[in-house]
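I have placed the structure first, in the form of structure tokens, so that the comments after it can refer back to it.
The values are calculated or read from the model by the stated rules, or taken from the named source; none is laboratory data. Not measured: the values here are computed from a predicted model. In this analysis, Cβ positions are derived from the backbone assuming ideal geometry, glycine residues included, and neighbour counts consider all displayed protein chains.
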Amino acid sequence: MNITDGTDRAFPAALAEVAGVDFYTDRYQIVDEDGDEDHRYDFEPDADFKSAEWTTQLFRDWTGNAEADGDAYRVFGQDGAGGRAMIWCARPGHPLTDQPVVFLGSEGECGMVAGSLSDFLWVLADGYGPREAALAVDLTSAPDELLTRIAERHATTPRRTAEEVVTAARAEFPSFKEDVYALCR
């Protein structure tokens with residue numbers, strides 16, 4: 001078990017498997033009532049974490065704060081506009097898989113996605129990407145078979161809906177958004 005000490009950058013097997021999913025195939029396309037095509041997930045997973053230097057630069061750019069660093073974050077994906085999904089090392093001494101998942105948007109949005117990597121897998125399985133989960137007010141289940149199988153293989157927490165996972169994460173870390181905004185200059 002890897003314990004987070006600020007230097008752990010080993011990519012979890014669950015994220016490696018998620019990185020193999022092409023979220024932009026026809027499988028994930030939807031057609032709205034006007035006949036417009038869109039994608040269920042706005043998520044492009046990475047095959048590895050971004051470097052510590054890259055992540056620090058992201059935080060400096062995002063906050064406008066030259067002293068901000070990204071040491072507590074492991075970026076593992078993005079949405080189409082450049083918002084980033086990341087593991088937040090908020091629980092010292094715990095493995096990366098027990099750390100919460102958060103989202104920082106390209107337009108200044110941010111929010112909690114899940115209380116752990118395991119719970120994040122259930123969010124994906126229930127039909128939501130990181131951006132959608134972090135910013136949604138109402139999360140109606142739309143389970144996905146492939147992502148459910150991935151969650152069943154890797155999750156260590158019981159299956160829950162995206163609504164339950166996101167609500168619990170927001171309750172556990174109620175000041176996440178304000179704490180991140182406090183870094184902004």
Matching residues in the range 40-76 - criterion: being out of contact with any Phe, Trp or Tyr (no Cβ under 7 Å at 6 or more places or on another chain) and aliphatic (A, V, I, L, M) | A47, A52, L58, A66
The condition from (1) crowded, with 17+ Cβ neighbours inside 10 Å; (2) at pLDDT 95 or above; (3) touching a helix residue (DSSP H, G or I) at 6+ places or on another chain (Cβ under 9 Å) that N65 misses is numbered (1)
Say whether the condition of being at pLDDT below 95, part of a strand (DSSP E or B) and farther than 28 Å from R185 by Cα is met by at least one residue in the range 88-95.
-> no
Take P95 and decide whether it is more than 16 Å from D42 (Cβ to Cβ) and under 11 Å from the mean Cα position of the chain (by Cα).
-> no
Evaluate the following for E107: is it under 23 Å from R60 (Cα atoms), charged (D, E, K, R) and part of a helix (DSSP H, G or I)?
-> no
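If only one of Y41, Y73 is crowded, with 16+ Cβ neighbours inside 10 Å, touching a strand residue (DSSP E or B) at 6+ places or on another chain (Cβ under 6 Å) and among the hydroxyl-bearing types (S, T, Y), which one is it?
Among Y41, Y73, only Y73 is crowded, with 16+ Cβ neighbours inside 10 Å, touching a strand residue (DSSP E or B) at 6+ places or on another chain (Cβ under 6 Å) and among the hydroxyl-bearing types (S, T, Y).
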Count of residues meeting criterion [of a type in the set (D, E, K, R), part of a loop (DSSP other than H, G, I, E, B) and surrounded by fewer than 24 Cβ atoms within 10 Å (Cβ to Cβ)] in the range 113-163 | 4
Of (1) buried (at least 16 other Cβ atoms within 10 Å of the Cβ); (2) modelled with pLDDT of 95 or more; (3) of a type in the set (D, E), D48 fails just (1)
Matching residues in the range 167-178 - criterion: being exposed (fewer than 12 other Cβ atoms within 10 Å of the Cβ) and farther than 13 Å from G108 by Cα | A171, P174, S175
Residues of the range 71-87 being touching a Lys or Arg at 6+ places or on another chain (Cβ under 8 Å) and either in a loop (DSSP other than H, G, I, E, B) or modelled with pLDDT under 95 (or both), which ones?
-> D79, G83
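Does A171 meet the test of being outside any loop (DSSP other than H, G, I, E, B) and either in contact (Cβ under 8 Å) with a residue 12 or more places away in the chain or under 19 Å from V21 (Cβ atoms) (or both)?
no
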